[in-house]
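Below: the structure, in structure tokens.
Just so it is clear, none of the values below were taken in a lab; they were calculated from the coordinates. These figures come from a predicted structure and were not determined experimentally. Cβ coordinates were reconstructed from backbone atoms using ideal geometry, including for glycine residues, and neighbour counts include every protein chain displayed.
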Amino acid sequence: MGAGFCGDIRVSRRFERILEDIAGSGTLVVRKFGGDRAGEIATHRFLGSEQATPQAITEEAAQRTAQACRGRRVVAAQDTTEINFAGRDKGRKLGPGGDGTSLGFFIHLLVAVDADDEALLGVVGAKIWTRALAEVKTHRHKRSLEDKESVRWVDAAQSAAQRLANAASVVVVGDRENDIYQAFARKPGNVDLITRARGPTASWSGAASCSKRPTVSLRRSKSMWRPPPASRVRQTHAIERPAWPFRSARRQSPNQDWRQTQDWRQTQDWRQT
């Protein structure tokens with residue numbers, strides 16, 4: 001280890017100690033997980049080090065996660081969160097938050113979970129960015145994927161494929177924002193992708209011919225959310241959902257079925273521009 005910190009084993013060991021203290025104490029408050037004054041000062045020195053950049057910390061954590069995932073069936077879950085500094089943004093180099101007014105920054109995190117025992121294995125990747133203060137005038141349909149924030153979903157799948165190459169299998173999971181054509185078109189071959197649909201997307205069955213001017217011969221069903229008559233329930237299992245703020249604990253029994261249909265976007269390889 002230590003590659004993320006330019007091979008400095010001392011910085012790597014301090015990083016490992018901080019991770020152990022955080023896991024043992026269950027808090028991110030330096031004064032609490034540091035244990036004593038010496039531990040608190042050591043943590044602040046680590047965070048103030050020129051070697052402990054966000055990129056270096058992420059790379060070091062990803063290497064540790066890759067070792068933990070070796071030979072395992074892994075679920076790589078990703079999502080975006082906002083760190084908002086409303087009222088505390090003076091002197092900080094921040095950009096507009098999600099509301100367009102408060103200043104803050106965004107983090108897109110990719111974590112690995114063991115598919116068998118549901119153990120959290122660690123961080124696989126993280127993208128941190130701020131939005132520009134000036135409004136983007138070019139319409140999103142005229143911008144390339146690399147110029148959009150949506151590229152984070154594609155980059156996360158690429159990171160999972162590269163860093164978890166020694167895992168037995170990798171399934172990347174994304175929320176509704178991951179339901180974009182490029183996420184499927186650029187999916188690495190050594191990972192599977194599960195995405196929550198943004199809406200009742202039309203589904204098709206049949207074959208498609210791809211060329212410069214494609215001719216598609218497909219039979220359209222009403223919606224991928226409406227199962228065709230030929231589908232039937234294959235399996236039912238119960239899921240215990242724990243209580244959350246403003247939501248009580250409950251038990252659900254979703255059905256699983258398999259259908260001979262596919263998303264229409266997967267048949268249009270000619271749109272990979």
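Stick to the Cα atoms of segment 51-166, pair each with every other, and give me the Kirkwood hydrodynamic radius in Å at one decimal.
Working: mean 1/r = 0.0629 Å⁻¹.
Kirkwood radius, segment 51-166: 15.9 Å.
Taking the highest mean first, how do the peptides 150-161, 95-106, 43-54 order by number of other beta carbon atoms within 10 angstrom per residue?
Numbers: 150-161: 20.9, 95-106: 15.3, 43-54: 13.8.
Taking the mean over residues of other Cβ atoms within 10 Å, the ranking is 150-161, 95-106, 43-54.
Relative to 2.2 N^0.38 Å, what does the C-alpha radius of gyration of segment 1-52 come to as a ratio? Two decimals please.
On the way: Rg = 10.9 Å, N = 52, 2.2 N^0.38 = 9.9 Å.
Scaled against compact globular proteins, the figure is 1.10.
Tell me which GluC sites (Glu not before Pro) from segment 70-154 have a DSSP coil assignment and no more than 10 other beta carbons within 10 Å of their own. Before the final figure, lay out the partial values.
Values: sites: E82, E118, E135, E146, E149; in loops: E118, E135, E149.
Within segment 70-154, the qualifying GluC sites (Glu not before Pro) (loop, at most 10 other Cβ atoms within 10 Å) are E118, E135.
Cross-link partners among aspartates and glutamates for K137, C-alpha distance below 17 Å, same-chain residues fewer than 8 apart left out?
K137 reaches E146, D147, E149.
Suppose a student asked you for the relative contact order of segment 76-203, using Cα pairs under 8 Å spaced at least 6 residues apart; what percent would you report? Please list the in-between numbers first.
On the way: 199 pairs, mean separation 27.0, N = 128.
The normalised contact order for segment 76-203 reaches 21 percent.
What ³J(HN,Hα) values, in whole Hz, does the Karplus curve 6.51 cos²θ - 1.76 cosθ + 1.60 give for segment 110-126 when θ = phi - 60°, with x put for Gly and Pro?
10, 10, 9, 10, 5, 6, 8, 9, 6, 6, 6, 9, x, 7, 9, x, 7
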